[in-house]
Amino acid sequence: MATVTEIAKGVYWVGVVDWDLRHFHGHELSTHRGSSYNAYLIVDEKVALVDTVWTPFAEQLVENIRQVVDPARIDYVVTNHAEVDHAGSLPAVMRVAPRAELLVSPRGMETVPGHHHQPWKLRAVKTGDTLPLGEGKLAFVEAPMLHWPDSMFTYYTARNLLLPNDAFGQHYATAHRFNDQVDERALHEEALKYYANILTPFSKLVQKKIEEVLALGLPVDMIAPSHGVIWRKDPLQIVRKYQEWAAQKPEPQAVVIYDTMWDATRKMAEAVGRGLLEGGVPYRMFHMSVSDRNDVLTEIFRSRAVVIGSPTLNNGVLPTITPILEDLRGLKFQNKVGAAFGSYGWSGESTKAIEEHLGRCKIPVVAKSVLAKWQPDAAALAACEEQGRTVAKAVRET
Ligand code: FEO
């Protein structure tokens, strides 16, 4: 059990660390390093709890609060976002804090009752609204679609503390609470994976929201998200990273993804890789039946090109390829180029299916597809190498 931590005078981290979490949102997102659900208790003249924790950890949250104050003293519970990993413990909290008023964004007036169906006292707060606590006050900024319609940031003026809920978070379980205490490389990997897999479709909104918040000129000593560690050392570094990621300017590198039944498409993937290297573009290759989809998506996010290979099965692609194609459509990655290849036995529709899907993803196909019947011969492998060189040229020139 992680220790309750006073992160700033009168502000306590009362969350939980979930070391065992390996999949999030059902099985939608892999979380190799676990996660944490961060709740913050502000003890001023008034007492406010900002966010709760995932439902299975409700009792631990209540116990953590008790270590600081009698939960009955809580005047306000701020729910920045109603997803259960942050609001799932509301019933347990509201039972022990019966006086508390629940503050939500205007869209939270739908999502919180929609999840809980409880007769709680709810008040909507809009961007610019403030709530005096005593020495400081809470200020609110609506952040719709970062990443739900109800998402909201809360700011505590007395400690220059920004509590942006999911934004700037990482699925990263650690024994520490602050960014300057953990492995920097692991932290940035997790922050990037979080952005690439969750926030990319909302990149334009991310850019606008960051500009809006920076224009407020609020001093920020700490950014305390609802997952992972708190940005204390150079807190705005993660804001700069988000600006960079939201701009979606990928690196001049490629990702080759494929699946294979009897190695024919694998040999083609390797030939594409040789062509990419000859063209001066580094690449990473992923066999999708043994690769983690979210890690691969993170690599694609960082890369200018994605080349996709599949044998033909039942007039389409192998089922292991379909989920990542669907993610590419939904995540709306920008500034990519693509190409398709694959082996077949008698009908050979896989490359056409991949190219059509790339079209739906608005990823232009920049090299002729390569289809090889049965096992690729020298000519087919040479065509794959040529495809790699052509993709490399597009990467270097655009
Ligand atoms: Fe949108 Fe961390 O929940």
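The values are calculated or read from the model by the stated rules, or taken from the named source; none is laboratory data. Bear in mind the structure is a predicted one, so any value in this text is a computation, not a measurement. FYI the Cβ positions are ideal-geometry reconstructions off the backbone, even for glycines, and counts take in every protein chain you see. Calculation scope for accessible area: heavy atoms of the full protein, side chains included, ligands and nucleic acids excluded. Shrake-Rupley method; radii C 1.70, N 1.55, O 1.52, S 1.80 Å.
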Selection count, the range 21-39, where residues are within 11 Å of TYR172 (Cα to Cα) and without any contact (Cβ under 8 Å) to a residue 40 or more places away in the chain: 1
Subset of the range 150-189 (residues that are under 14 Å from GLY15 (Cβ atoms) and polar (S, T, N, Q)): ASN165, GLN170, THR174
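Residues are listed down the side, and each one gets a yes or a no for (1) part of a strand (DSSP E or B); (2) closer than 30 Å to LEU297 by Cα; (3) in the same structural domain as ASN160 (by TED's automatic domain parsing); (4) open to solvent by 30 Å² or more (accessible area, probe 1.4 Å):
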site: HIS27; (1), (2), (3), (4): no, yes, yes, yes
site: ALA58; (1), (2), (3), (4): no, no, yes, no
site: VAL62; (1), (2), (3), (4): no, no, yes, no
site: ILE65; (1), (2), (3), (4): no, no, yes, no
site: VAL68; (1), (2), (3), (4): no, no, yes, yes
site: VAL77; (1), (2), (3), (4): yes, no, yes, no
site: HIS81; (1), (2), (3), (4): no, yes, yes, no
site: HIS86; (1), (2), (3), (4): no, yes, yes, no
site: MET94; (1), (2), (3), (4): no, no, yes, no
So VAL43, is it within 25 Å of GLU142 (Cα to Cα) and either of a type in the set (A, V, I, L, M) or not assigned by TED's automatic domain parsing to the domain that holds GLY228 (or both): yes
Close pairs from the range 224-237: first under 13 Å from TYR37 (Cβ atoms), partner among the β-branched types (Val, Ile, Thr) and surrounded by 24 or more Cβ atoms within 10 Å (Cβ to Cβ), Cβ under 8 Å, at least 6 apart: ALA224/ILE230
The range 4-25: number of residues that are in contact with a His (Cβ under 8 Å, 6 or more places away or on another chain), among the aromatic types (Phe, Trp, Tyr) and surrounded by fewer than 18 Cβ atoms within 10 Å (Cβ to Cβ): 0
Condition check for HIS147: surrounded by fewer than 23 Cβ atoms within 10 Å (Cβ to Cβ), closer than 27 Å to ASP221 by Cβ and within 13 Å of the ligand (Cβ to nearest atom): yes
Residue identified as free of Cβ contacts under 8 Å to residues at least 24 places away in the same chain, away from the ligand (no atom under 15 Å from the Cβ) and either open to solvent by 10 Å² or more (accessible area, probe 1.4 Å) or assigned by TED's automatic domain parsing to the domain that holds VAL50 (or both) among ALA215, ALA186, ALA196, ALA175: ALA215
Failed item in (1) within 16 Å of the ligand (Cβ to nearest atom); (2) under 22 Å from LEU61 (Cβ atoms), with GLN118 passing the rest: (1)
Residue satisfying all of: in the range 1-19; in a strand (DSSP E or B) and hydrophobic (A, V, I, L, M, F, W, C); farthest from the ligand (Cβ to nearest atom) among these: ALA8
Of all residues making up the range 356-373, the number that are open to solvent by 40 Å² or more (accessible area, probe 1.4 Å), more than 17 Å from ASP259 (Cβ to Cβ) and in contact with a strand residue (DSSP E or B) (Cβ under 7 Å, 6 or more places away or on another chain): 4
Subset tally (residues that are part of a strand (DSSP E or B), touching a strand residue (DSSP E or B) at 6+ places or on another chain (Cβ under 7 Å) and farther than 14 Å from MET285 by Cα) for the range 305-337: 1
Residue among ARG33, ARG22, ARG73 that is in the same structural domain as LEU102 (by TED's automatic domain parsing), closer than 21 Å to PRO91 by Cα, away from the ligand (no atom under 14 Å from the Cβ) and basic (Lys, Arg): ARG73
Lone unmet requirement of (1) closer than 20 Å to THR157 by Cβ; (2) under 24 Å from the mean Cα position of the chain (by Cα) for GLY88: (1)
In the range 29-38, the residues that are among the aliphatic types (A, V, I, L, M) and surrounded by 21 or more Cβ atoms within 10 Å (Cβ to Cβ): none
Flag for GLY330 being closer than 29 Å to TRP245 by Cα, crowded, with 23+ Cβ neighbours inside 10 Å, at pLDDT 95 or above and out of contact with any Cys (no Cβ under 6 Å at 6 or more places or on another chain): no
LYS209 modelled with pLDDT of 95 or more, open to solvent by 10 Å² or more (accessible area, probe 1.4 Å) and of a type in the set (Lys, Arg): no
